[in-house]
Amino acid sequence: MQTEVNTVLLRREVMVRLIKAFLSGDFEKQADALPFDMRPKHAEVPFRCCIHKERAILRERAIAALGGSVEQDDDKTHLGEYARRALEREKPDNTVLTVIDTACQGCVPSRIYVTDLCQGCVARPCTTACAFGAISIKNGRSVIDGEKCKSCTKCMQVCPYSAIVKIKVPCEDACPVGAITKNGSGHAQIDVSRCLSCGACMASCPFGAVAEKSQMIDILRAIKSDKKVVAMIAPAIAGQTPVSINKVASGLIKAGFDIVMEVAEGADITAKTEAKDFAERMEKGDKFMTTSCCAAYREMVKKIVPELKPYVSETATPMHYTAELAKKRYPDCVTVFVGPCVAKRSEGLGDEFVDYVMNFEEMGALFVAMSIELAQCEDYVFDVETSKQARNFALTGGVAESVKVASGGKVDVRPTCVNGLNPKVVREMMTWAKKGECPLGNIVEVMACEGGCVAGAACLNNKKIAARGVAAYADKGEDIKPDENN
Amino acid sequence: MENEGKIRVRICLGTTCFVMGASKLQELEHLMPPEWKDKVDISADTCLGMCQNSNSGFMKAPFVKINDEMIGGATVEKVIDKLKELIV
Ligand code: FES
């Protein structure tokens, strides 16, 4: 995704302001004033029709940033009241995405459309290409009958003038499982029973109309309390800022966390456990196994393709193992996973060891709000050294590779990757489940985001630069040691 | 000196600027016309101190300094436009 477009920057500004408001001691009042502070009287109206609409949208963005559901908003409740609720709630909301109703453009429904470029040619390949008889000629031009059209795009492919286009609805187009559709009024709505929380809709909407329900206020409250708060930083963090992972960790300490752990610690456990699981399955005669650490993929198996379940490794995720370690090492601590991922928030809500999830953008906003300059931070020393392969979990291919190395050459490992989920891949995976076989390899790594976690929906850095940063840090680590008793 | 006479572009990659949009500016060198390469000297800096000027200084981030001029709310387009003025 693009990490610096206006919609993203707006979201970050709202977050910075709310954190500042929380820290000011005058939280409710300042939260209430947010839309007016961001768009004061007579201010320029950069994006929408008028200042009032901009403010209304900012109000809804702030509701999400305070952890509320815009779906349940009644338009009348003040932001100060949302802020108060955030201070009092015992648990964050149990779903992670919300549609910023007022920001949603209500895009025209997705369809195939003949533009003015149509020359009404004599060949008329579009009419013959259409297998559904949906194209006829009216007034010398091709016209598509919406009732008959199946959106197969054959006509688009044959038009010599490229006169036929597909009108997309970006969020619907991005969703790998058709979980976001239009409601009666033409605005987006998320079907929670299908949603993988992958964040693809959020990353793709040009109006910034899908948002995460943040747990930032809950986290700030934990930091303020006298409990120990542990930040568990995902491997993707190594490429997120211009400074080293050790400096970012010190930044988190400055921001009030007590301890920082690398989630790569848990990834080492995942790699070893998964290698063992894999060896057992292959011995049993299974044809393939898939990895289990991508949270959106786990949701996909649960909600969309349950047939795949028997082929998914039983291994828990690096986040889970790390949080379990944290709770053992520091009894009574509050655990906060810090990562690039929207789906991890959903996984965290269901994990007994994970208390909260903060994404990289929110972490960045925290640094901005507290004026923490990372370049000036010291190098934090982690208690445990993590392996090269664990640090590479954030890159496509990294997880499968870790299983291979952790297997120590004892089993035939043929890794393959599903690099990014989309409807086509989902259908293909269904056929593997039905046949009990994957033609591409015997260990299938699945990453919902193309490129791996460095391409998550809540990142700070460009994914190519981020990937380089992760690889450079990984190269400083030692190879994972295969378990002897494996 | 190698960089003498070149237009000096200092991109702030301090934490505030980075979070508020400077990550894109890292690509400036690849996004500007290649023939500018020997006319422009691009470097990355840590905090230029601008973001701390007031409580809402962060809103004007990211900052880029072109020769002696400080540009707030910098985008690749804005920087390229400024460079165009200076180059022709
Ligand atoms: S971070 Fe750029 S001016 Fe401070």
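The values are calculated or read from the model by the stated rules, or taken from the named source; none is laboratory data. Here the structure is a predicted model, which is why all the values come from computation and not from measurement. Every residue, glycine as well, gets a Cβ built from its backbone with ideal geometry; the counts of neighbours run over all protein chains shown. Ligands, DNA and RNA are excluded from the accessible area calculation, which covers all protein heavy atoms including side chains. Shrake-Rupley method; radii C 1.70, N 1.55, O 1.52, S 1.80 Å.
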Discussion item. Are there any trypsin sites (Lys or Arg not before Pro) in segment A:20-97 that are in a DSSP loop and have at most 11 other Cβ atoms within 10 Å? List them by number.
Written reply: A:LYS41, A:LYS76
Discussion item. For A:VAL108, what accessible surface area do you get with a 1.4 Å probe? Give it in Å², rounded to 10.
Written reply: 80
Worksheet entry | Loop-located GluC sites (Glu not before Pro) in segment A:352-443, at most 14 other Cβ atoms within 10 Å (DSSP) | A:GLU352, A:GLU378, A:GLU385, A:GLU437
Practice prompt. Quick one: accessible surface of B:SER56, probe radius 1.4 Å, all protein chains present, in square angstrom to the nearest 10.
Written response: 50
Discussion item. Please give me, ordered by residue number, the trypsin sites (Lys or Arg not before Pro) of segment A:385-442 that lie in loop per DSSP and have at most 15 other Cβ atoms within 10 Å.
Written reply: A:LYS410
Response to the item:
In whole angstrom, the spacing between the Cα centers of segment A:106-155 and segment A:355-377 equals 51
Worksheet, complete the sentence: Phi angles of segment A:122-137, converted by Karplus (6.51 cos²θ - 1.76 cosθ + 1.60, θ = phi - 60°) into ³J(HN,Hα) in whole Hz with x for Gly and Pro, give 7, 4, 6, x, 4, 5, 7, 5, 6, 7, 10, x, 8, 10, 10, 9
Worksheet item: Of A:LYS29/A:LYS224; A:LYS254/A:LYS327; A:LYS254/A:LYS344; A:LYS276/A:LYS481; A:LYS227/A:LYS254, which ones are farther than 18 Å apart at the Cα?
Response: A:LYS29/A:LYS224; A:LYS254/A:LYS327; A:LYS254/A:LYS344
Item to complete: Please list, in chain and number order, the residues 5+ apart from A:GLU445 or on another chain whose amide H is under 5 Å from its amide H, with Hs placed from the backbone.
Response: A:THR291, A:THR416, A:CYS417, A:VAL418
Practice prompt. Taking H placed 1.01 Å from N in the peptide plane, check which residues at least 5 places from A:MET358 or on another chain put their amide H under 5 Å from its amide H.
Written response: A:PHE337, A:VAL338, A:GLY339
Discussion item. Classify chain A from the C-alpha gyration tensor, please: rounded if a/c falls under 1.5, else prolate or oblate depending on whether a/b exceeds b/c.
Written reply: oblate
Practice prompt. Kindly list the residues of segment A:98-130 that lie in the label zone of A:VAL143, defined by a backbone N under 14 Å from the point 7 Å along the Cα-to-C-beta vector.
Written response: A:114-115
Worksheet item: Using a 1.4 angstrom probe with every protein chain in place, what is the largest-first accessible-area order of A:SER225, A:SER193, A:SER346, A:SER292?
Response: A:SER193, A:SER225, A:SER346, A:SER292
Worksheet item: Where in segment B:1-30 does accessible area fall by at least 20 Å² between the isolated chain and the complete protein assembly, at a 1.4 Å probe radius?
Response: B:LEU13, B:THR15, B:THR16, B:PHE18, B:VAL19, B:MET20, B:GLY21, B:SER23, B:LYS24, B:GLN26, B:GLU27
Worksheet item: Largest first, what is the accessible-area ranking of A:PHE27, A:PHE132 with a 1.4 Å probe?
Response: A:PHE132, A:PHE27
Worksheet item: Running Debye on segment B:1-57 with equal point scatterers at the Cα sites and no solvent, what base-10 log of I(q)/I(0) appears at q = 0.17, 0.21, 0.25, 0.31 Å⁻¹?
Response: -0.63, -0.83, -0.99, -1.21
Discussion item. Counting heavy atoms of the protein chains only and a 1.4 Å probe, report the per residue accessible area for segment A:111-167 as a whole number of Å².
Written reply: 64
Fill in: A versus B: buried accessible surface, summed, Å² (probe 1.4 Å, to nearest 100)
1700
Worksheet item: For chain B, which span is the longest to avoid every loop-located (per DSSP) member of GluC sites (Glu not before Pro) having at most 11 other Cβ atoms inside 10 Å?
Response: B:5-88
Worksheet item: In nm, to one decimal, how far is the modelled label at A:THR77 from the one at A:ARG329, with both set 7 Å along Cα→Cβ?
Response: 3.8
Fill in: Residues of segment A:445-470 with amide N under 18 Å of the 7 Å Cα→Cβ point at A:LYS476
A:465-470
Worksheet entry | A:VAL5 accessible area, 1.4 Å probe, all protein chains in place, Å² to nearest 10 | 50
Worksheet item: Which shape class, rounded, prolate or oblate, goes with segment A:218-474 when its Cα gyration tensor gives a ≥ b ≥ c as root eigenvalues, a/c under 1.5 marks rounded, and past that a/b bigger than b/c marks prolate?
Response: prolate
Worksheet item: Can you give me the Cα centroid spacing of segment A:7-49 and segment A:214-277 in angstrom?
Response: 28
Practice prompt. Determine the per residue accessible area of segment A:218-474 with all protein chains present and a 1.4 angstrom probe, expressed in square angstrom.
Written response: 37
Practice prompt. Show that you can apply the helix-only estimate: for the protein assembly as shown, add -39,500 (n - 2.57) for every DSSP H stretch of four or more residues, divide by all residues, and state [θ] at 222 nm to the nearest 500.
Written response: -11000 deg cm²/dmol
Item to complete: Starting from the Cα of A:LYS476, draw a straight line to each of the lysines and keep only those under 23 Å, dropping any in the same chain fewer than 8 residues away.
Response: A:LYS247, A:LYS272, A:LYS388, A:LYS404, A:LYS463, A:LYS464
Worksheet, complete the sentence: The base-10 log of I(q)/I(0) that the Debye equation returns for segment A:95-247 at q = 0.11, 0.13, 0.20, 0.21 Å⁻¹, one scatterer per C-alpha, is -0.65, -0.79, -1.17, -1.20
Fill in: Solvent exposure ordering (accessible area, 1.4 Å, most first) of A:CYS198, A:CYS417
A:CYS417, A:CYS198
Worksheet item: On the accessible surface of segment A:218-474, probed at 1.4 Å, how many percent belong to carbon and sulfur atoms?
Response: 50
Worksheet item: In terms of Cα to Cα distance under 29 Å, which lysines are near enough to A:LYS148, apart from those fewer than 8 places away along the same chain?
Response: A:LYS138, A:LYS166, A:LYS168, A:LYS182, A:LYS424
